[in-house]
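The values are calculated or read from the model by the stated rules, or taken from the named source; none is laboratory data. Computed from a predicted structure; not experimentally measured. Every residue, glycine as well, gets a Cβ built from its backbone with ideal geometry; the counts of neighbours run over all protein chains shown. SASA here: full protein model, heavy atoms, side chains in, ligands and nucleic acids out. Shrake-Rupley method; radii C 1.70, N 1.55, O 1.52, S 1.80 Å.
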Amino acid sequence: AKSSGRGTFHFFEPELDQRMHARRNLERDMRHALVSGEFELHYQPFVDLKSGDISGLEALLRWHHPQRGLVSPAEFIPLAEETGLIVPIGEWVLRTACAEAAKWPADLKIAVNLSPAQFRSKELVPVVFGALAASGIGAQRLELEVTETAIMHDSEAVFAALGQLHKLGVRIALDDFGTGYSSLSFLQKFPFDKIKIDRSFVNELLSAKEDSRLIARAVVKFAVSLGKTTTAEGVETKEQLDILREEACTEMQGYYFSRPKCSAEIAQMVGAEAVS
Ligand code: C2E
Ligand code: CA
Ligand code: CA
Ligand code: CA
């Protein structure tokens with residue numbers, strides 16, 4: 001409450017009001033962004049550690065806001081989740097990413113991030129189906145990245161949807177491994193094909209603190225011991241790469257190999273066919 005100076009109080013918090021205003025503006029702008037084509041996908045390769053070849057690419061959402069410039073997904077995805085806008089945005093991401101992958105050599109996978117709200121929408125399986133059919137790529141080329149927090153809630157419904165997709169041949173990856181609360185039984189219940197070790201652990205493999213180093217190593221060892229494909233996220237140095245190779249990690253992804261790049265740059269990198 002703020003004194004008006006005449007003994008009355010306005011129950012009005014300028015800061016809170018400002019924040020709510022900013023939120024409403026962001027929501028309005030996001031709705032607009034989808035219809036006016038302000039969203040774009042960038043793609044970051046993940047690389048097989050043995051052969052050094054690119055195994056596939058992860059689609060990462062970018063928003064070119066007309067006034068604010070490039071807005072990071074960390075800034076707008078939480079609100080897109082809350083408002084449910086992530087459902088139509090996520091459908092656009094799936095369709096665009098699969099269509100893009102259709103131009104690449106057929107051995108390359110396309111990884112797409114999924115939000116919790118997309119699982120709750122009931123439309124997930126038909127939407128994935130639709131994106132595959134429209135692009136013509138095989139289901140085996142699509143990898144869906146989900147986090148533990150996304151699947152912990154309402155895990156029966158999520159389990160059913162993931163199971164159906166998995167049966168179609170779509171691959172399922174557990175994103176940000178090590179940051180949630182997965183128990184071994186939980187990890188075994190879901191049909192994961194791949195585990196992505198969170199960047200924070202990769203970063204601490206060479207920490208000055210021994211504790212941090214030991215924990216990071218243990219997380220990598222645990223992920224590898226589960227017997228699935230393992231991808232280390234956020235690899236930035238040769239030293240990190242050497243440890244991951246020593247631990248028999250399958251793949252790496254990070255600035256050391258490549259930053260996320262726009263579709264034209266990626267097409268050139270992977271030798272895409274010119275499709276008109
Ligand atoms: P994520 O799925 O964990 O994606 C990895 C993030 O780490 C990306 O940030 C990527 O640009 C960044 N990164 C990759 N390599 C390195 C590295 O070597 N060093 C550092 N410091 N960072 C690296 P980005 O693109 O800002 O995306 C942030 C998050 O936003 C993603 O985290 C994901 O959770 C979410 N996101 C992005 N695109 C989508 C989408 O289409 N749908 C949904 N639901 N979420 C998305
Ligand atoms: Ca991801
Ligand atoms: Ca991740
Ligand atoms: Ca993350």
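Summarise the accessible area of the chain (1.4 Å probe, protein heavy atoms) by the percent that is carbon and sulfur.
Carbon and sulfur atoms account for 53 percent of the accessible area of the chain.
Under the simplified labelling scheme, the ASN25-LEU70 pair shows an inter-label distance of 2.2 nm, with each label point 7 Å from Cα along Cα→Cβ. With a simple spin-label model that places each label point 7 Å from the Cα along the Cα-to-Cβ direction, the separation between MET269 and GLU82 comes to 3.3 nm.
Divide the volume of the convex hull around the Cα atoms of the chain by the residue count and you get 179 Å³ per residue. Residue by residue, region 37-47 carries 3J(HN,Hα) couplings of x, 8, 8, 8, 9, 9, 9, 10, x, 10, 10 Hz when phi is fed to the Karplus relation 6.51 cos²θ - 1.76 cosθ + 1.60 (θ = phi - 60°); x denotes Gly or Pro.
Neighbours of ARG120, meaning other residues whose beta-carbon lies under 11 angstrom from its beta-carbon, give a summed charge of -2 when Lys and Arg score +1 and Asp and Glu score -1. Think of each Lys and Arg Cβ as +1 and each Asp and Glu Cβ as -1; about the Cα centre, that makes the dipole of the chain roughly 380 debye.
Given LYS194/LYS221; LYS196/LYS261; LYS103/LYS261; LYS122/LYS196, which pairs have Cα atoms separated by over 18 Å? The pairs that break the limit, which is 18 Å between Cα atoms, are LYS196/LYS261; LYS122/LYS196. For GLU236, the shell of other residues with beta-carbons less than 11 Å away shows a net charge of +1, using +1 for Lys and Arg and -1 for Asp and Glu.
For GLY56, the residues whose modelled amide H falls within less than 5 Å of its own, excluding neighbours fewer than 5 places apart on the same chain, are PHE46, LYS109. Applying both filters, DSSP loop and at most 14 other Cβ atoms within 10 Å, to the chymotrypsin sites (Phe, Trp or Tyr not before Pro) of region 155-189 gives TYR181. Helix 210-225 and the longest principal axis of the Cα set of the chain meet at an angle near 60°. Region 201-276 and region 46-118 have Cα centres lying 18 Å from one another.
Scanning residues 5 or more positions from LEU49 or on other chains, those with amide H under 5 Å from its amide H are GLU251, MET252, with H placed 1.01 Å from N in the peptide plane. SER225 exposes around 80 Å² of accessible area when a 1.4 Å probe is run over every protein chain in place. Solvent-accessible surface of region 120-259, averaged per residue with a 1.4 angstrom probe and all protein chains in place: 48 square angstrom. In plain terms, the chain from SER225 to PHE159 could stretch by 21.5 nm, reckoned as 0.36 nm per residue minus the Cα-Cα distance. Segment ALA218..ASP17, full-extension length gain: 67.8 nm, with 0.36 nm per residue of separation and the alpha-carbon distance subtracted. Comparing ALA102, HIS64, LEU49 along the charge dipole axis of the chain, the residue lying farthest to the positive side is HIS64, per the Cβ-charge model. Considering helices alone, the calculated mean residue ellipticity of the chain at 222 nm is -14000 deg cm²/dmol, with DSSP H runs of length four and up weighted by -39500 (n - 2.57) and normalised per residue.
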